[in-house]
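The values are calculated or read from the model by the stated rules, or taken from the named source; none is laboratory data. Since we're looking at a predicted model, the values are computed, not measured. Heads up, the Cβs are rebuilt from the backbone with ideal geometry, glycines too, and the neighbour counts pull from every protein chain shown. Areas reflect the complete protein model, heavy atoms only, side chains present, ligands, DNA and RNA absent. Shrake-Rupley method; radii C 1.70, N 1.55, O 1.52, S 1.80 Å.
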Amino acid sequence: MMFAPSPIPDTEPPRDCPRCPRLVAFREALRVEYPDWWNSPVNAFGDSQAWLGIVGLAPGKHGANRTGRPFTGDHAGVLLFDTLKKFGLAEGEYLARPDDTLALKGAIIINAVKCLPPENKPTPEEIRTCRPFLEGQIAALPSPRVFVALGQIAHQSAVKVLGGKLPKAKFGHLAEHRMPGGQVLIDSYHCSRYNQNTGRLTAEMFEAVFARALEVREGL
């Protein structure tokens, strides 16, 4: 079984978190079908002193739900980690498994939903139920200044946790939102295989998000 330890361990849900019955049933079925997979809530990954918080949607079935580390083992992680390395936010070698040498520098990845949802679609109730973990993990960071939301669900959860108002903070690629606590939230289309294959998100578009995050950090 693969697993990546959390940089903020006291904020993680238990391995058998019971909060969302549909997700629990899906988890238990996958544990039978794929007993060597992680098949549990996926921990945050990155730097416990991060200035940049990257909010994802949820574990991917063949990625984080299999390996136990966010964006590890599926197509989305290749673009994400290549981009983070390009901007000095990661170092080491990404080999699509949690025992590689990849490490994040100044950045941390936290999912809005900790467990794998069927068809990658959590219900609104499941998103709300899991939000306290996102809230606790953001609160555990000593000085997060900039956040990147990967997709609309991550955007909505991040806005709510950071005290913003959704009608005033509309999702859009490269949209920026100043939160009441002074943090800046930058939106990006999710780096999913689908978005990449359809051209909705290109490498250049994705890189622009992190280039802007570095610019914003300098101005705060």
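Below is a table of values for the structure above.
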quantity: Probe 1.4 Å - accessible area at Glu33, Å² to nearest ten; calculated: 110 Å²
quantity: For the chain, fraction of C-alpha pairs farther apart than 27 Å, in %; calculated: 25 percent
quantity: Given charges at beta-carbon only (K, R positive; D, E negative), |dipole| of the range 162-215 in Debye; calculated: 300 debye
quantity: Simple spin-label estimate for Lys121 and Leu214 in nanometres, 7 Å along Cα-Cβ; calculated: 3.8 nm
quantity: Beta bridges per DSSP with both ends in the chain, % antiparallel, nearest 5; calculated: 35 percent
quantity: Per residue, the convex hull volume that the Cα atoms of the range 143-220 enclose (Å³); calculated: 83 Å³
quantity: Rounded tilt (10° steps) of 152-161 against the dominant C-alpha axis of the chain; calculated: 70 degrees
quantity: Rounded to 10°, Cα long-axis angle of helix 21-33 versus longest principal axis of the chain; calculated: 60 degrees
quantity: Top of Phe87, Phe210, Phe45 by mean-square fluctuation, Gaussian network on the chain, Cα under 10 Å; calculated: Phe87
quantity: Residue with peak Gaussian network fluctuation, the chain [Cα springs, cutoff 10 Å], from Thr101, Thr83, Thr72; calculated: Thr101
quantity: Carbon + sulfur, % of accessible area of the range 167-220 - ligands and nucleic acids excluded, 1.4 Å; calculated: 49 percent
quantity: Lys, Arg +1 and Asp, Glu -1 on Cβ, resulting dipole of the range 1-67 about Cα centre, debye, nearest 20; calculated: 240 debye
quantity: GluC sites (Glu not before Pro) restricted to DSSP loop in the range 47-147 with at most 13 other C-beta within 10 Å; calculated: Glu93
quantity: MRE, 222 nm, helices only [DSSP H, n ≥ 4, -39500 (n - 2.57), over the chain, to nearest 500]; calculated: -11000 deg cm²/dmol
quantity: Between 0 and 90°, nearest 10: helix 124-140 axis offset from the chain longest Cα axis; calculated: 60 degrees
quantity: Alpha-carbon centroids, the range 114-136 and the range 39-53: separation in whole Å; calculated: 16 Å
